[in-house]
Amino acid sequence: MTTSLESWSIGKSVTSTMIGVLIMQVVHQLDQPAPFQSGKRSAMPAEQIRISGF
């Protein structure tokens with residue numbers, strides 16, 4: 001039995017919970033650009049990616 005998918009699910013849950021806490025503490029807002037850089041092969045520049053898009 002493999003657990004790689006379970007760890008992905010846990011990782012997504014933890015990340016979304018932390019972003020939710022930051023939004024509730026008014027550290028981040030849903031309409032601001034996402035706090036990361038886009039990859040080299042990204043079709044969309046990072047400044048166009050919003051937190052609400054996740």
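Read the figures in this text as sums done on the coordinates, not as results from a lab. Keep in mind that what you see is a predicted model, and the values were worked out from it rather than measured. Neighbour counts are summed over all protein chains in view; Cβ atoms, including those assigned to glycine, are modelled from backbone coordinates with ideal geometry.
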Whose amide H sits under 5 Å from the amide H of Arg50, counting only residues 5 or more places off or on another chain, with H placed in the peptide plane? Ala34
Env charge @ Ile19, Cβ radius under 13 Å, K,R +1 / D,E -1, value +2
